[in-house]
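The structure appears below as C-alpha cells.
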Amino acid sequence: MGFNIDKCRVLHLGRKNQQHTYRLGNSLLISTEAEKDFGVIIDSKMNMGHQFGDAVRKANRTLSCIHRCIMIRSKEVILPLYMTLVRPQLEYCIQFWVLHFRRDVASTERVQRMATRMITDQHGRSYEERLRDPNLFSLHKRRLRGDLVAIYKLDKGDQRALGESLFP
C-alpha cells in the first residue's frame, strides 16, 4: 500500500529548524503549523493550546446537548451521561497534553462545574459539596491520579520494559 500524498504533511519542530521542503516522489509535501495525529493536535511549538481548546469545545458542545435534550435532571441520569460522553473528551491522552496554565485548568473544571450544576438537587451548593455527594473528584485530582498510575505502570506494571529504559 502506498502513501496518500494528499494526506501527507510536514510539521517543522524547533526554533532553529531550517524548514526544508520535502518531496514524496515528484510531489511537494505541504508544510503545516499544526497537525492532528491519534486524535491529539500538535503544533510546531509543541504547544497544546489547540488540543486543549478543541477538547473543551467538544465537551461543552456535548454537555449543552445533554442539557437541551434530557428533561430528567437527577444524578442517576446526568452523572452517567457526563461520565461516558463528556469527561472522556477532557481526559483523552491527558498525560501527553498536560495542562500548564491555570486558565486551562479552570476552563476544564468549568465544564465539570456546569455538569454538576445541571443536577436538580444540587442548586445553591458549592462546587466541592456538589462533587462530594456523588463521590466525584475534581478533574485536577483525576489528572494527578492518572499521572501516578501511569508512572506506577511504567515502574512496576505492564510497561515495565519501557519504564526501565526511561528510569534507569
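The table for this structure:
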quantity: Cβ-based exposure ranking for ARG113, ARG102, in which fewest neighbours within 10 Å come first; calculated: ARG102, ARG113
quantity: Which of LYS7, LYS45 has the fewest Cβ neighbours within 10 Å, and the rest in rising order; calculated: LYS7, LYS45
quantity: For the chain, built as a Gaussian network whose Cα springs stay under 10 Å, the top-fluctuating residue of ASP133, ASP121, ASP158; calculated: ASP158
quantity: Exposure proxy order (Cβ contacts within 10 Å, fewest to most) of PHE52, PHE137; calculated: PHE137, PHE52
quantity: Size of electric dipole in the chain: Cβ of Lys, Arg +1 and of Asp, Glu -1, about Cα centre, debye, nearest 20; calculated: 380 debye
quantity: 3J(HN,Hα) from dihedral phi, the stretch 84-92, Karplus parametrisation 6.51/-1.76/1.60, rounded to Hz, x for glycine, proline; calculated: 9, 9, 9, 4, x, 5, 7, 10, 5
quantity: Signed unit charges on C-beta, dipole axis of the chain, positive-most listed residue VAL10, TYR22, VAL56; calculated: VAL56
quantity: Debye-sum result for the stretch 91-150 in log10 I(q)/I(0), which assumes one identical scatterer on each alpha carbon, at q = 0.18, 0.29 Å⁻¹; calculated: -0.68, -1.24
quantity: Over the stretch 49-140, equivalent-ellipsoid semi-axes from the Cα gyration tensor in Å; calculated: 22, 15, 11
quantity: The stretch 49-140, relative contact order [Cα under 8 Å, separation at least 6], %; calculated: 36 percent
quantity: Tally of Lys pairs whose C-alpha atoms are under 20 Å apart, taken over the stretch 1-149, 8 or more apart or cross-chain; calculated: 4
quantity: Net charge of neighbours whose Cβ lies under 11 Å from the Cβ of SER107, counting Lys and Arg as +1 and Asp and Glu as -1; calculated: +3
quantity: Gaussian network model of the chain, springs between alpha carbon atoms under 10 Å - residue of ILE151, ILE78, ILE66 with greatest fluctuation; calculated: ILE151
quantity: The chain - mean residue ellipticity at 222 nm from DSSP helices (-39,500 (n - 2.57) per run, n ≥ 4, rounded to 500); calculated: -14500 deg cm²/dmol
quantity: Between the stretch 1-32 and the stretch 103-159, the alpha-carbon center distance in angstrom; calculated: 39 Å
quantity: Relative contact order (%) - criterion: Cα under 8 Å, at least six apart; region: the chain; calculated: 15 percent
quantity: Fraction of beta bridges assigned by DSSP in the chain that are antiparallel (%, nearest 5); calculated: 65 percent
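Each reported figure results from applying straightforward, stated rules to the coordinates on display, with no laboratory input. In this text the structure is predicted, and so the values were computed from the model without any measurement. Positions of Cβ are generated from backbone atoms using ideal geometry, with glycine treated the same way; all protein chains shown enter the neighbour counts.
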